[in-house]
Amino acid sequence: MFAVENGLQGDPRLKAISDAIRVIPHFPKTGIMFQDITTLLLDPVAFKHVVDIFVDRYKHMNISLVAGVEARGFIFGPPIALAIGAKFVPLRKPGKLPGRVISEEYELEYGSDRLEMSVEAVKSDERALIIDDLVATGGTLSASINLLERAGAEVVECACVVGLPKFKGQCKLKGKPLYVLVEPREYDELTLYN
Amino acid sequence: MSENEVKDPRIDGIKTKIRVVPDFPKKGIMFQDITTLLLDPKAFKDTIDLFVERYRHMNISVVAGIEARGFIFGAPIALAIGAKFVPLRKPKKLPGEIIFEEYELEYGSDRLEMHVEAVDSGDRALVVDDLIATGGTLCAAMNLLRRVGAEVVECACVIELPELNGRERLEGKPLYVLVEYR
C-alpha cells in the first residue's frame with residue numbers, strides 16, 4: 001500500500017521526498033535505475049518528512065520493536081524507533097552480530113545472501129515493524145519477516161521509503177502488509193543535478 | 001569529557017547497557033556490543049540527547065556517519081540538529097561520483113568512500129561512530145571531509161578504548177565520548 005492510497009494523497013511532503021531522491025542509471029549494473037536516497041539525507045526537511053510520516057502512522061500501533069535492514073535501514077529505523085519509544089534491532093550481514101544469532105538465507109539474482117538477528121533482541125509478545133529504504137523483489141524483507149517470526153515476534157508491517165508499483169493496493173509480503181511512501185523516480189538528465 | 005566535569009547521571013545508565021562480549025570477532029578482543037543499548041529505548045534516547053545537547057548550538061551543517069553503526073547514532077543526531085546526514089561507506093556501495101580514503105587494518109587495509117557533492121568548503125562537520133579504538137577509521141573519515149574543504153569540528157563516539165590511543169590519530173581534532181572502557 002502506498003501513502004497516497006491511505007490518506008496522504010496531495011500531501012506536499014510526498015513530492016518533496018520524491019524530488020529529493022536521485023536516480024543513477026545503470027548502477028550497480030546495466031539496466032538498473034538505482035534509487036539513491038543519499039540525496040534525500042542531504043535535505044534535512046525532506047528526511048524529517050520521511051520520519052514524521054512513518055512516526056504518525058506507527059505511534060499508536062503499539063509497536064515495541066523496529067527492525068532495520070543493514071545498512072540503509074539503519075538510517076531510517078532508529079529515528080522512528082526513538083520517536084515511538086520502541087527498541088531498535090539491527091538485521092545484519094553474516095558475522096557482524098556477537099552472541100547468539102539466528103540467520104535466514106535469501107535469493108539474489110545470482111547466488112544468495114544471509115541476514116542475521118540476535119536471538120536475545122526479541123522477547124515474547126513483541127509487535128514488530130521492519131524498515132528498509134526500498135523494496136524491489138521483497139526477498140530481503142521476506143527474510144526479515146522470517147527472522148522475527150522465528151524468534152516469536154508478530155510482524156505488524158513492513159515499511160519502505162521507495163517501492164515498485166506492484167506493491168500498490170493490498171499487496172502483501174508473506175501475508176504481512178507493506179507501507180511505501182513513493183514510487184521509484186524516472187531517470188531524466190535533470191535528476192542528476194537536482 | 002574530562003575527569004573534572006561532573007558526570008551526567010544518564011551516562012551510568014548508558015554504560016550498563018553496553019554488553020561486553022569476550023573473544024569476538026576473534027580471541028583476545030573484548031567486543032563492545034551496543035545492540036543491547038539499542039534495546040533500551042530510554043538509554044538509546046539518552047545517548048542521542050547527550051550528543052544533541054552538545055551539538056545543537058555549534059552550527060554543525062553536516063553529520064557524517066561511518067558505516068554501519070555510525071548510521072544508527074549519526075542519523076538521529078543529524079535530524080535533531082537540522083544537519084545533513086552523509087553516510088561514509090564501504091567500497092562500491094555509493095553510486096555516482098565518490099572519493100575514497102584507505103586506512104590500515106590489523107591485517108591489510110580497507111577503504112571508506114564519500115559522495116563528492118555531499119559536502120563542501122562551507123560545511124562544519126561532525127563525525128560519528130559507535131566506538132573509537134585505534135582511530136584509523138575516524139582518521140580516514142576526517143581526511144575525506146577535509147579533502148572537500150569541510151571543517152571537521154569534532155568526532156563523537158559512544159565508547160572509547162583509551163588504551164589504544166585513538167585520540168592521537170585525530171591530529172588535534174577534539175573527540176567527545178560518553179563512555180570509556182578500560
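Per-residue packing, averaged as other Cβ atoms within 10 Å, sorts the ranges B:137-147, A:46-56 into the order B:137-147, A:46-56, beginning with the highest. The contact between chain B and chain A removes approximately 2800 Å² from the accessible area (both sides summed; 1.4 Å probe; ligands, DNA and RNA excluded).
Kirkwood analysis of the range B:6-111, using all unique Cα-Cα pairs, places the hydrodynamic radius at 16.0 Å. Semi-axes of the equivalent ellipsoid for the range B:94-182, computed as √(5λ) from the eigenvalues of its C-alpha gyration tensor and ordered from largest down, come to 23, 16, 10 Å. Peptide B:81-88 shows a mean partner chain C-beta count of 4 within 10 Å per residue C-beta.
As an exercise, identify the GluC sites (Glu not before Pro) in the range A:74-117 lying in DSSP coil whose Cβ has no more than 15 other Cβ atoms within 10 Å.
For GluC sites (Glu not before Pro) across the range A:74-117 that sit outside H, G, I, E and B with at most 15 neighbouring Cβ atoms in 10 Å, the list reads A:GLU109.
Dividing the convex hull volume of the alpha carbon atoms of the protein assembly as shown by its residue count gives 144 Å³ per residue. Near B:ILE98, the amide H atoms lying under 5 Å from its own belong to B:VAL116; only residues 5 or more places off or on other chains count, and H is placed 1.01 Å from N. Of the residues making up the range A:54-85, those losing 40 Å² or more of accessible area when the isolated chain is joined by the remaining protein chains, with a 1.4 Å probe, are A:ALA71, A:PHE74, A:ILE75, A:LEU82. Peptides B:96-109, A:63-76, ordered by how many other C-beta atoms sit within 10 Å of their residues on average, highest first, read A:63-76, B:96-109. Note that the range A:87-148 presents 41 Å² accessible area per residue, ligands and nucleic acids not counted, probe 1.4 Å. The spread of Cα positions in chain B, taken along each principal axis and listed from longest to shortest, comes to 42, 40, 30 Å. Note that the range B:38-46 has calculated 3J(HN,Hα) couplings of 5, 7, 10, x, 5, 5, 5, 4, 4 Hz, one per residue in order, obtained from phi through the Karplus relation 6.51 cos²θ - 1.76 cosθ + 1.60 (θ = phi - 60°); glycine and proline are x. Note: chain A, Cα convex hull, 120 Å³ per residue.
The residues of chain B expose on average 45 square angstrom of accessible surface per residue, using a 1.4 Å probe on protein heavy atoms. In order along the range A:158-170, the Karplus-derived 3J(HN,Hα) couplings, from 6.51 cos²θ - 1.76 cosθ + 1.60 at θ = phi - 60°, round to 10, 10, 9, 6, 10, x, 5, x, 4, 8, 5, x, 9 Hz, and Gly and Pro are given as x. Spacing of the modelled spin labels on B:LYS15 and A:GLN170, each 7 Å from Cα toward Cβ, amounts to 5.5 nm.
The values are calculated or read from the model by the stated rules, or taken from the named source; none is laboratory data. Quantities reported herein were computed from a predicted structural model and do not represent experimental measurements. Methodologically, a virtual Cβ is constructed for each residue, glycine included, from the backbone with ideal geometry; neighbour enumeration extends over all protein chains shown. Ligands, DNA and RNA are stripped out before the accessible areas are found, and what is left, the full protein with its side chains, is counted by its heavy atoms. Shrake-Rupley method; radii C 1.70, N 1.55, O 1.52, S 1.80 Å.
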